[in-house]
Amino acid sequence: MTDVLLERTRHEDEALDAYSTIVSSVADRVVPSVGSLRITRDGRGGAGSGIAITEDGYVLTSAHVVAGAASGVLSLTDGRELDFSLVGSDALSDLAVLRVTTTTLQAVELGDAESLRVGQLVVAVGNPLGYSGTVTAGVVSALGRALPAGSRVVENVIQTDAALNPGNSGGALVDSRGRLVGVNTA
């Protein structure tokens, strides 16, 4: 190989290592804060993700994940399974707050979605298809979008190209420092 080709390959390897270092560091920090939700409503099961936002038991998720259910189970990556109750839900923002009885949740650090920029790296953490602790990464594709959701429209959406699948809804969208900037909707 020529010196130019070797230098370019070395530079590409360093860039990939830096990217991988950021994503894996965020995963180490955030995965313990994101749990899998199992919900029963009308005799049927449902699933999604939830984010610990306080150590003393408050969990954030998407309202559509828990719609029609007052309770369920939060499974954490450390193996704990905690019953939750619904504290409140807002269909217009598609957000809901849950409560579990514990004082030992690993809460995610809150970030500032208003400071996001198009092209910025973001990491999605959730439980798509029931696989807990799943991490995908991408960039902010657009800001301030409106997302049709059934009979309503969710405003001020952060659009990303990070892969999301059913079950990712309610999971964390975090910046490169692992700070919560959004809630996933698959």
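Remarks
- Restricting segment 116-132 to residues that are open to solvent by 30 Å² or more (accessible area, probe 1.4 Å) and modelled with pLDDT under 95, the residue that is nearest to Ala70 (Cα to Cα): Gly130
- Of all residues in segment 57-72, exactly one satisfies the criterion of being at pLDDT below 95 and over 30 Å from Ala146 (Cβ atoms), namely Ser71.
- Among residues of segment 166-180, those that are surrounded by fewer than 22 Cβ atoms within 10 Å (Cβ to Cβ) and either closer than 18 Å to Leu95 by Cα or among the aromatic types (Phe, Trp, Tyr) (or both), counted: 2
- Residues in segment 76-112 that are closer than 22 Å to Val153 by Cβ and loosely packed, with under 15 Cβ neighbours inside 10 Å: Gly88, Asp90, Leu92, Ser93.
- Qualifying residues in segment 141-152 (those that are assigned to a strand (DSSP E or B) and open to solvent by 70 Å² or more (accessible area, probe 1.4 Å)) - the one nearest to Ala107 (Cα to Cα): Leu143
- Residue ID - farthest from Ser24 (Cα to Cα), chosen from residues in segment 110-136 that are out of contact with any Asp or Glu (no Cβ under 9 Å at 6 or more places or on another chain) and assigned to a strand (DSSP E or B): Leu110
The values are calculated or read from the model by the stated rules, or taken from the named source; none is laboratory data. Quick caveat, the model's predicted, so the values are computed rather than measured. Cβ coordinates were reconstructed from backbone atoms using ideal geometry, including for glycine residues, and neighbour counts include every protein chain displayed. We work out accessible area using only protein heavy atoms, side chains counted, and drop any ligands, DNA or RNA first. Shrake-Rupley method; radii C 1.70, N 1.55, O 1.52, S 1.80 Å.
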